[in-house]
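**Q** Before anything else, here's the structure in question.
Here, each number is a calculation from the coordinates, and none is a lab measurement. Please read all numbers here as calculations on a predicted model, not as lab measurements. Using ideal geometry, Cβ is built from the backbone for each residue, glycine included, and neighbour counts are taken over all protein chains shown.
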Amino acid sequence: MPRKNRRAPLEYLPSPAPRPRSAAPAWAEVAGYEVRQVAGDKPYRCPGCDHMVRPGLWHLVVVPDGDPDERRHWHVDCWKKELRRQGLLRRSEPEF
Amino acid sequence: MPEERFRIETAKGDVSGAWTPAPDPAAPAIVVGHGAGAGMDHPFMVGFCRAVAGQGVSALRFNFPYMEAGRRSPDSAANAIGAFRAAVDAAAVRTGDRPVFGGGKSYGGRMASMAAAEGAPVAGLVFLGYPLHAPGKPDQLRAEHLFGLEIPMLFLQGTKDPFADPGRLQGVLAKLGAWATYVPFEGAGHSFERSRKDDQRENGAALAPHASAFVRDHT
């Protein structure tokens with residue numbers, strides 16, 4: 001008699017890996033926006049270069065203060081360029 | 001009528017404004033904000049403003065501060081709302097004591113409604129494609145602040161707009177009741193395009209008859 005195809009009970013299935021996220025580097029923080037660094041599982045379009053941010057890539061989520069609906073996903077370098085264009089990129093402190 | 005170009009003072013610096021007056025100096029006015037991705041001189045905005053002015057409603061369009069500065073990340077809610085309010089004041093100065101309506105394309109319309117929810121003195125709102133939800137996320141509606149408004153609202157909306165699921169929009173309209181007027185654009189997308197070859201200026205201008213009739217009905 002053929003064996004039934006047994007499936008592991010639900011509770012033994014591995015839970016999906018938590019999506020990693022962390023604080024953004026200090027240079028990326030700028031007044032008026034909340035910036036987080038994430039590795040998403042979906043493709044997004046970067047407003048800086050109009051190309052895709054591929055799934056799994058560490059990138060920045062930029063949210064205007066008070067307006068979560070205008071959340072945007074940026075390549076790290078594109079956000080850096082955006083800030084540099086506006087003269088908002090902080091220079092690193094001189095080391096002593 | 002020639003267009004007047006001027007500067008509007010906001011907390012985030014001066015921004016550009018353009019005033020397209022209707023022939024009648026006692027005409028009501030509408031202040032329109034641009035969409036998130038293109039500024040006030042996008043052909044859609046210019047087409048709408050010129051057409052609506054020709055139909056007896058003066059139009060004021062302006063840049064939000066981030067667009068004026070050449071940035072691509074929209075302003076904080078407080079700064080966007082502040083800029084909208086400053087634009088309403090600029091229109092009020094130019095119309096005397098005639099009513100000033102608010103509105104805009106997508107993001108600009110949403111900011112107009114948020115400004116109204118925070119007390120900006122607009123007589124009504126005209127949405128040139130309201131961004132009711134992000135594409136593919138019809139469960140997260142951007143409508144809560146609309147339910148507290150007690151002014152007439154006109155929703156001009158493409159039936160194939162990925163930012164406005166027709167079923168969800170119907171639910172919001174039902175809840176707004178008599179405050180809401182809905183004009184569907186059969187087969188049109190978020191920018192009222194029916195094909196990729198559509199002329200954006202004409203698409204903007206095509207909304208003007210609905211907007212001017214709505215303003216007339218409510219002044």
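**Q** Normalising by the residue count of the range A:18-87, find the relative contact order in percent from Cα pairs under 8 Å and 6+ residues apart.
**A** Reported as a whole number, the value is 28 percent.
**Q** For the range B:40-61 and the range B:1-37, write down the distance between their C-alpha centroids in whole Å.
**A** 9
**Q** With an 8 Å Cα cut-off and a minimum separation of 6 or more residues, compute the relative contact order for the range B:4-217 in percent.
**A** Computed over the range B:4-217, the figure is 21 percent.
**Q** Sticking with this one: May I ask you to sort A:MET52, B:MET153 by Cβ crowding, counting other Cβ atoms within 10 Å and putting the fewest first?
**A** Listed from fewest to most nearby Cβ atoms, that is A:MET52, B:MET153.
**Q** With +1 assigned to the C-beta of every Lys and Arg and -1 to the C-beta of every Asp and Glu, and no other charges, what is the dipole magnitude of the protein assembly as shown about the Cα centre in debye, to the nearest 20?
**A** Once rounded to the nearest 20, the dipole reads 1440 debye.
**Q** Please report the antiparallel percentage of DSSP beta bridges with both residues in the protein assembly as shown, rounded to the nearest 5.
**A** Percentage antiparallel, nearest 5: 50.
**Q** Label B:SER195 and B:VAL93 with points 7 Å out from Cα along Cα→Cβ: what is the distance between them in nm?
**A** Result for the modelled spin labels: 4.5 nm.
**Q** Further, regarding this structure: What distance in nm separates the two pseudo spin-label positions at A:GLN86 and A:LYS42, each 7 Å out from Cα along the beta-carbon direction?
**A** A separation of 2.5 nm, rounded to one decimal place.
**Q** Fewest first, what order do B:ILE151, B:ILE8, B:ILE81 take by the number of other Cβ atoms within 10 Å?
**A** Least to most surrounded, the residues fall as B:ILE151, B:ILE8, B:ILE81.
**Q** Please compute the average number of Cβ atoms from other chains found within 10 Å of each residue's Cβ in peptide A:70-83.
**A** Per residue, the number of nearby Cβ atoms from other chains is 2 on average.
**Q** Please list, in order, the residues from the range B:47-78 whose amide nitrogen is less than 18 Å from a point placed 7 Å along the Cα→Cβ vector of B:GLU9.
**A** Hits in the range B:47-78 for B:GLU9 at 18 Å: B:63, B:65.
**Q** I need A:TRP79, A:TRP74 ordered by Cβ neighbour count within 10 Å, fewest first.
**A** Placing the least packed residue first, the sequence is A:TRP74, A:TRP79.
**Q** Shielding of B:50-62 by partners, i.e. mean partner chain Cβ atoms within 10 Å per residue?
**A** Mean shielding count: 0.
**Q** Running a GNM on chain B with Cα contacts under 10 Å, which residue among B:ALA91, B:ALA78, B:ALA115 ends up with the highest mean-square fluctuation?
**A** B:ALA78
**Q** Cβ neighbours within 10 Å, averaged per peptide: list A:38-46, B:27-35, B:69-77 in order, most packed at the top.
**A** B:27-35, B:69-77, A:38-46
**Q** Something else now. Compute the helix-to-body angle for B:43-54: its Cα long axis versus the longest principal axis of chain B, expressed 0 to 90° and rounded to tens.
**A** Approximately 70 degrees, to the nearest 10.
**Q** Would you mind giving the mean number of other chain beta-carbons within 10 Å of the Cβ of each residue in A:61-67, as a whole number?
**A** 6
**Q** Ranked from highest to lowest mean number of other Cβ atoms within 10 Å per residue, what is the order of the peptides B:206-217, B:103-114?
**A** Taking the mean over residues of other Cβ atoms within 10 Å, the ranking is B:103-114, B:206-217.
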